[in-house]
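Nothing in this text is a laboratory measurement; each read-out follows from the coordinates by a stated rule. A quick note: this is a predicted structure, and the numbers were derived from the prediction, not measured. FYI the Cβ positions are ideal-geometry reconstructions off the backbone, even for glycines, and counts take in every protein chain you see.
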Amino acid sequence: MTPPPPSRLRRLQLGARAIKTSTYEISATCNLTCEGCLFFSGEHAYKHTEVSDAERWRKFFQREAERGITYAFLAGAEPALAIDRVRAAAEYIPAGMIATNGTRRIPDDVRYRIHVSLWGGEATTALTRGADVTAKAFRNYANDPRAVFVFTINAMNLDEIRPMAYACAKHGVPMTFNYFAPTEVYETSISVDQPSRDDYLRFSDQDRNLILRDEDYARARTIIDGLRDELPETIVYSSAYDDWITSESPYDLDETGVARDCASRSDSVHQTYFVDQARSDLKCSHPTFDCRQCRTYASGMTSHVRNENRDVMRRRGRQSSSDAFDVWERLFVGDQWTRLSAHSDTARRRVLPA
Ligand code: SF4
């Protein structure tokens, strides 16, 4: 008989103490060309040669599990193009999420959360990602309990939030939000009078680009709040998180400008590995962002909830009134609590250095 899911307090404790994360870039290829792509920004994306041997990936994730990692962030370029590596991770690490563009369906035996990126409606997606893949993503993941559609809000797609929320409702998938953050390469590239053009920068310039202004954040929030009332079963988003991530400087920055309180920052537990399985010596999973500009939702939500949970634990379990933990667990854990709970002894023990 399947054991019942743990209580909320137990889940808070597991979230605060037993989830040990790392980020794995498992594929160096993608079938889209998103403007200002996070992965294909900076030289590190091109200087690591992909390991394609499935057995080497199995051994790699076995070592990561032995190190004490219980939650895998599987990232790109596009993880769904490397299903044997996804399966290798899921075989050894009990929980995780996969960031995908939705164009290839990840087989049902993989029980991680699947975060499908949306960049707007048909025309905007074709412009900003090189192809309109929204219909295909909905076909692949309609009514899939593993799937969450993540709408990346940028300066050019605010009017498309609402229709895409209704499209998510129609296809039986929840929707959450990410704010576009410019990589340092993107910002530098558009700052000149005549930016050079390639797959990374097809149309952006100083006058027409994806960077959000203060008024865009405010407008996005108004739209999201309206949608939460209209589609409460579909919209999974936290007001407390939004207040924090849209503030002028969400993170506590050290003297070098790097976020001290970011869950994606490299430390003795959280590491990022490149496609050649080399451990990154860079600051975090998103080294091409300036922490002042960084608004990515996976790092942001996990950081916000982790810091909030530490307060909860300090107050001996007195719960926060914020909705951020509940939203985070729906997005990132879902039905994985039982597996995490079963691995909590492993997770509680001291995590070995990478
Ligand atoms: S760039 Fe973003 S993910 Fe990296 S340390 Fe800074 S805030 Fe965290």
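Quick notes on this structure:
- Contact order normalised by residue count of region 1-138, Cα under 8 Å, 6+ apart, percent: 25 percent
- Extension reserve of the S247-D214 stretch, reckoned as 0.36 nm per residue once the Cα distance is removed: 10.9 nm
- The relative contact order of region 8-344 comes to 21 percent, based on Cα pairs under 8 Å that sit 6 or more residues apart.
- Taking a straight Cα-Cα cut-off under 21 Å and skipping sequence neighbours fewer than 8 places away in the same chain, the lysines within cross-link reach of K283 are K20, K47.
- A Förster radius of 41 Å, combined with the Cβ-Cβ distance separating A342 from R202, puts the computed FRET efficiency at roughly 0.30.
- FRET efficiency, 1/(1 + (r/R0)^6) with R0 51 Å, evaluated for K59 and K170 via beta carbons: 0.75
- In this label model, E43 and D108 are separated by 4.8 nm, measuring between points 7 Å along each Cα→Cβ vector.
- Report note on the peptides 269-277, 220-228: ranked by the mean count of other C-beta atoms within 10 Å, highest first, their order is 269-277, 220-228.
- Reach of K136 by Cα under 26 Å, taken over lysines that are not fewer than 8 positions away in the same chain: K170
- DSSP beta bridges in region 8-344 [antiparallel fraction, %, rounded to 5]: 15 percent
- Top positive-direction residue, dipole computed over region 8-344 with Cβ charges, set C262, F61, S41: F61
- Segment D132..D326, full-extension length gain: 66.6 nm, with 0.36 nm per residue of separation and the alpha-carbon distance subtracted.
- Shape call, region 8-344: gyration tensor on alpha carbons, a/c limit 1.5: rounded
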